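Following: one structure in structure tokens, then a few remarks.
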Amino acid sequence: MLTAVAGNVRASRVGVIVVLCLASVGTLLCVTLVLGALRNDHAISGDLGTATAQVEQVLFDRTLIRFETPDGVAHSPENGVLYPDGLSAGQLVRIEYDRGDPELARVAGRTWLLTLLPVGSTLVGIWLVAGPLLWWLRNRDRATVTANR
């Protein structure tokens, strides 16, 4: 009987650790995403170039554009344009890019602040699931120990 209780308590504690680790990794990824967007914006602003780009394709994970720099070289950033919300194929859009690395481009006037809403929503979702689950696991752990004393 005592070993079954110890096994249940151990399983609950492992569950708590797993849930905490998963929620923490999700939180770390969200924070990293915001910091990456901030770094990209800083790089673009540090050596700012502007151009008009044509939206080539709007895919699930990126929006591909094509633009020319003043030296006449055409660029199509492999990872797409930053902050592409609301763009559609064929549209012309003003962009800002890093002149030292034209692969890094964003829609003009849009900044890292646009990442806060989706990332914040994701964080709220992560912890709305993890919080009650952690509470349930801890209470189940306590109830098992109390019932078997």
| request: Determine the dipole magnitude for the chain: charges of +1 sit on the beta-carbon of Lys and Arg, -1 on that of Asp and Glu, nothing else is charged, the reference point is the Cα centre, and the result goes in debye to the nearest 20. | output: 1320
| query | To the nearest 0.05, what FRET efficiency results for Arg13 and Ser88 with a Förster distance of 41 Å applied to their C-beta separation? | reply | 0.20
| note | Dividing the helical contributions, -39500 (n - 2.57) per DSSP H run of n ≥ 4, by the residues of the chain yields a 222 nm value, nearest 500 deg cm²/dmol, of -19000 deg cm²/dmol
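Using 0.36 nm per residue, how much length does the chain from Ser121 to Asp61 gain when fully extended, once their Cα-Cα distance is taken away?
Stretched out fully, the Ser121 to Asp61 stretch lengthens by 19.8 nm.
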| remark: In vacuo Debye sum over C-alpha of the range 59-149, base-10 log of normalised intensity I(q)/I(0) at q = 0.12, 0.22 Å⁻¹, listed in q order, is -0.55, -1.08
| Binning every alpha carbon pair distance of the range 1-130 at 5 Å from zero, what are the percents per bin? | 2, 10, 16, 16, 13, 10, 8, 6, 5, 4, 3, 3, 2, 1, 0, 0
| task | Quick one: order Trp135, Trp127 from most to least accessible surface, probe 1.4 Å. | result | Trp135, Trp127
| query | Could you give me the ³J(HN,Hα) list for the range 9-19, computed from phi with Karplus coefficients 6.51, -1.76, 1.60 and θ = phi - 60°, whole Hz, x at Gly and Pro? | reply | 5, 5, 5, 5, 5, 5, x, 4, 5, 5, 4
| note | Probe 1.4 Å, all chains present, heavy atoms only: His42 accessible area in Å², nearest 10, is 140
| said: Taking a ≥ b ≥ c as the square roots of the Cα gyration tensor eigenvalues, with a/c under 1.5 meaning rounded and otherwise prolate when a/b beats b/c, else oblate, which class fits the range 18-67? | reply: oblate
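The values are calculated or read from the model by the stated rules, or taken from the named source; none is laboratory data. In this text, all values refer to a predicted model and were calculated from it rather than measured experimentally. Positions of Cβ are generated from backbone atoms using ideal geometry, with glycine treated the same way; all protein chains shown enter the neighbour counts. Surface areas here come from the heavy atoms of the whole protein model, side chains and all, with no ligands, DNA or RNA. Shrake-Rupley method; radii C 1.70, N 1.55, O 1.52, S 1.80 Å.
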